[in-house]
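Working notes, structure below.
The values are calculated or read from the model by the stated rules, or taken from the named source; none is laboratory data. These numbers were taken from a predicted model, which means no experiment stands behind them. Cβ: placed from backbone, ideal geometry, glycine included. Neighbour counts: every protein chain shown. Just the protein is used for accessible areas: all its heavy atoms, side chains included, with ligands, DNA and RNA removed. Shrake-Rupley method; radii C 1.70, N 1.55, O 1.52, S 1.80 Å.
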Amino acid sequence: HQENIDGMLLSRRVLRATKILLERDPSMLLKHSLLTGCSPLHAALRNFGDCLPLITVLTSRPESKTLLAHRNRFGDLPIHVACSVGVPFEVLKLVVECTMAVAQPSNLETAFLTHPLLWSSNHSGYTPVDLEWVRHIEGGQGFFSPRAFYPLDPSGVRKHCFKQDDYYQTLLRDAVMSILGKNGESLTKSQVDRQGQVENMFGSLLDRICLLVTASACAIPTISSPTLLHNICKLSVQRGPHFPRPLVDLFLWLHRGQVLVKDQHGMLPLHYAIHRPTIPTNTVGDNAKSGPRAWKEHVLRLLELEPESARIPNQDGRLPLHILLDSVVTTA
């Protein structure tokens, strides 16, 4: 209890000092660490991410758009740091909303765009969604846990100390399979029971992931988002940062009824999943690209659940097959 009181007092002192310093010299907000490349917002989220007033001060200033799009030496945007340390939901929501506003309204004619910042990887290959479930597995369980970007490797470049892909992937897959069962379909049928099972296993993690998914699948803030399953399929394309396959299976199990639901573009989840986008050659976290096997399994799973979806056109009369054959893939 005393530790919590001391933490609150420290946060208040830091908040007051931050306001005074920025009033005297607002340009301080744009200064970055020469060693790590971290901005003041990176540092605030990492060390005082549970202090909503402080993060509000830093994100509400005119310079905040520059900060929210700035990557440190590890490729982390502020949203990556927020997810890595597990900031409270209200702070996460604020950072997500501010990061969404940074996107420029372009290419409004396509429904396939994803947010260029929220759905991007750091240099370790992790998206904000990845960092959320990795932190959960590490034992954060929804509690704020300040973390530093240590230690140094022999080359002198600081790396995330939790980069253990196979280990985390196995734990995530085992956690999901404990709910779905060996055949991928639990005996539990009612939606209430399903939600209860998931809440017992994942707690608030899925609420946080749903927030990130909805924002990441909406490239332009003013465009309304489709259903959750549409969004997940939009983030599960063949190339680019990929939504974790175990979580795809979990959401398909939770929201199977959405497989044949059309969004505002007349698109089914399959229309989005089968799309193969062109990926810029400068994509951060290039090792986050998924292989064709995971993408193929995801598409086949959608077809297995509802074979009829392959024969349903969108509002432009395009079948999933048209979208597949029209998609352009680069190998650069």
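Just a few scattered comments:
- Contact annotation: residue pairs with Cβ atoms under 8 Å, 6 or more positions apart or on different chains, pairing a residue in region 202-215 that is crowded, with 21+ Cβ neighbours inside 10 Å with a partner that is of a type in the set (S, T, N, Q), are V213/N231; A215/T99.
- Extreme residue, surrounded by the most Cβ atoms within 10 Å (Cβ to Cβ), among residues of region 11-51 that are free of Cβ contacts under 8 Å to residues at least 40 places away in the same chain and small (G, A, S): S39
- Residues within region 301-325 that are in a helix (DSSP H, G or I) and either of a type in the set (A, V, I, L, M, F, W, C) or under 14 Å from C233 (Cα atoms) (or both), tallied: 11
- Residue match in region 80-89 (condition: within 14 Å of H32 (Cβ to Cβ) and buried (at least 18 other Cβ atoms within 10 Å of the Cβ)): yes
- All of L67, L77 fail the test of being in contact with a Leu (Cβ under 8 Å, 6 or more places away or on another chain), more than 21 Å from T214 (Cβ to Cβ), of a type in the set (A, V, I, L, M, F, W, C) and open to solvent by less than 10 Å² (accessible area, probe 1.4 Å), apart from L67.
Let's see how each residue does on (1) crowded, with 20+ Cβ neighbours inside 10 Å; (2) at pLDDT 90 or above:
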| position | (1), (2) |
| --- | --- |
| A219 | yes, no |
| I232 | yes, yes |
| H255 | no, no |
| L270 | yes, yes |
| P277 | no, no |
| N282 | no, no |
